[in-house]
Amino acid sequence: MMRTLKLVMKGIFGLLFVAAGANHFVNPDFYVPMMPPYLPWHRELVYLSGVCKIVLGVLLLVPSCSRYSAWGLIALLLAVFPANLHMALNPADFPKISETGLWLRLPVQGVLIAWAYWFTGRAEKTADELSGVRRIG
């Protein structure tokens, strides 16, 4: 039962990132203002992050690549955190999103990182270590 749930959740997570990455190309003007001013090449970074989301989302669904993709998604989520922080600290620049919504984006990043961590294989190992269970093979 848990294995099936994890497989379904991995599919949802992967497709979520593929869709989000595709949106970087469909609607780049939505993402460009999110870029902190200290970063160069805003539009190019929007496209690059879109490619990364698509590739890592697809690779998450490939069993032999899944663990590496999960770590890549964690790295990507950490890399885009400054953009979310920039948005929260500059709410006047994003009038279409409530200030509460801008701040809620920050803990959502943590939830997404935890969700990706579940697919690294490390989560089960840590749980087993804590419970004293030893896996064979």
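The values are calculated or read from the model by the stated rules, or taken from the named source; none is laboratory data. Since the model is a prediction, treat every value here as computed from it, not as a measurement. Note that we place each Cβ from the backbone using ideal geometry, even for glycine, and neighbour counts take in every protein chain shown.
Among the listed residues Ser49, Ser64, identify the single one that is within 21 Å of Phe13 (Cβ to Cβ), among the hydroxyl-bearing types (Ser, Thr, Tyr) and buried (at least 17 other Cβ atoms within 10 Å of the Cβ).
When all the criteria are applied, what remains is Ser49.
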Kindly check whether there is at least one residue in region 75-94 that is closer than 23 Å to Leu7 by Cβ, crowded, with 18+ Cβ neighbours inside 10 Å and modelled with pLDDT of 95 or more.
yes
What residue, of Val32, Val26, Val8, Val62, is more than 17 Å from Leu78 (Cα to Cα), touching a helix residue (DSSP H, G or I) at 6+ places or on another chain (Cβ under 6 Å) and of a type in the set (Val, Ile, Thr)?
Val32
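Across region 18-45, what is the number of residues that are β-branched (Val, Ile, Thr) and over 14 Å from the mean Cα position of the chain (by Cα)? First the steps, then the outcome.
Of region 18-45, the ones β-branched (Val, Ile, Thr) are 18, 26, 32.
Subsequent filtering for residues that are over 14 Å from the mean Cα position of the chain (by Cα) retains 26, 32.
Qualifying residue count for the region: 2.
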When you scan region 73-89, do you find a residue that is farther than 29 Å from Phe119 by Cα and either free of Cβ contacts under 8 Å to residues at least 12 places away in the same chain or small (Gly, Ala, Ser) (or both), even just one?
yes
Restricting to region 17-46, and then to whatever is aliphatic (A, V, I, L, M) and modelled with pLDDT of 95 or more, can you tell me which residue is surrounded by the fewest Cβ atoms within 10 Å (Cβ to Cβ)?
Val26
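Please tell me if Arg105 is closer than 20 Å to Trp115 by Cβ and touching a residue at least 12 places away in the same chain (Cβ under 8 Å). Spell out the reasoning first.
On the way: closer than 20 Å to Trp115 by Cβ: yes; touching a residue at least 12 places away in the same chain (Cβ under 8 Å): yes.
So Arg105 passes the test.
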